[in-house]
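Written out below as structure tokens is the structure these notes cover.
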Amino acid sequence: SQQGEEDPQALSIQEGENATMNCSYKTSINNLQWYRQNSGRGLVHLILIRSNEREKHSGRLRVTLDTSKKSSSLLITASRAADTASYFCATVITGGFKTIFGAGTRLFVKA
Amino acid sequence: DAGVIQSPRHEVTEMGQEVTLRCKPISGHDYLFWYRQTMMRGLELLIYFNNNVPIDDSGMPEDRFSAKMPNASFSTLKIQPSEPRDSAVYFCASSLGGQGRDGYTFGSGTRLTVV
């Protein structure tokens, strides 16, 4: 099964609202990353949070990491129609070099 | 840098034919990854290289799949013979360092259709 599991599978919101996506994983990790994928395109790296960090910001993005619960969340504030995409969490397992992706959350932002 | 470059963007082939997908990583990146994406299975890691050497190919589905990296600027993923269930989008990604400390840079992918 997937190392990272996103929740919800799909999310539809109005422009200007905040979008929150969650990711849970199973094993000890080195870091956790979030990626965006627009339809028919490759994945774009958004943000990386290390296992010893609890929160990180990048523009309208805020990522939290709770290693005790093996979970992370991605918050997109003041969403825009251009944020419509699939969002994936990816985990790099401690001591390893594999990056394992979850199934993704499909975000739809209505203008 | 032009990013990770994959070719072709689309490939349609008949069952039984050989298919070769190509990837040019970002110059200076020492890790290269091949992923496959399908609706049913999501993104699957097939194989990754470090300094042109294959490190883990446990994700390669069958012996029909093979990957090479003859030099730091080129990698291929070959399927021979191809089958309809190989239809997917194949992504190549590269990074500086294997643990993605600066994130992974993905190519635009090759959409493979085997009929």
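The values are calculated or read from the model by the stated rules, or taken from the named source; none is laboratory data. Here the structure is a predicted model, which is why all the values come from computation and not from measurement. Here Cβ is always computed from backbone atoms with ideal geometry, including for glycine, and neighbour counts include all displayed protein chains. These area figures cover heavy atoms from the full protein model, side chains too; ligands, DNA and RNA do not enter into them. Shrake-Rupley method; radii C 1.70, N 1.55, O 1.52, S 1.80 Å.
Figures for the structure shown
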read-out	value
Quarter of Cα convex hull surface for the protein assembly as shown, i.e. mean projection, nm²	12.2
Projected label distance in nm at A:THR67 and B:SER73, using a 7 Å step from Cα toward the beta-carbon	4.0
Heavy-atom accessible surface of chain A: percent carbon and sulfur, 1.4 Å	47
Per-pair calculated FRET efficiency, R0 = 30 Å: B:ILE55 and B:GLU14 via Cβ, rounded to 0.05	0.35
Histogram of C-alpha separations across segment B:1-61, 5 Å bin width, %	4, 14, 19, 25, 23, 11, 4, 0
Relative packing of B:26-35, A:35-44, which averages over residues the other C-beta atoms within 10 Å, highest first	B:26-35, A:35-44
Extent along principal axes [Cα atoms of segment B:45-86; Å; largest to smallest]	32, 18, 13
For the pair B and A, total buried accessible area rounded to nearest 100 Å², probe 1.4 Å	1700
Pairwise FRET efficiency - A:ASN38 versus B:GLN80, Cβ, R0 = 30 Å, nearest 0.05	0.40
Per residue, in Å², the accessible surface of the protein assembly as shown once ligands and nucleic acids are set aside, probe 1.4 Å	48
Two-site FRET efficiency, A:ASP7 against B:ARG22, from Cβ-Cβ distance with R₀ of 30 Å, rounded to 0.05	0.25
Loop GluC sites (Glu not before Pro), segment A:5-111, which have at most 16 other Cβ atoms in a 10 Å radius of their Cβ (DSSP)	A:GLU15, A:GLU17, A:GLU53
Hydrodynamic radius of chain B per Kirkwood, over alpha carbon pairs, in Å	14.0
Distance in nm between pseudo-label sites at A:ALA81 and B:THR113 (7 Å out along the Cβ direction from Cα)	2.9
Overall Cα dimensions of chain A, principal axis frame, Å, largest first	43, 27, 20
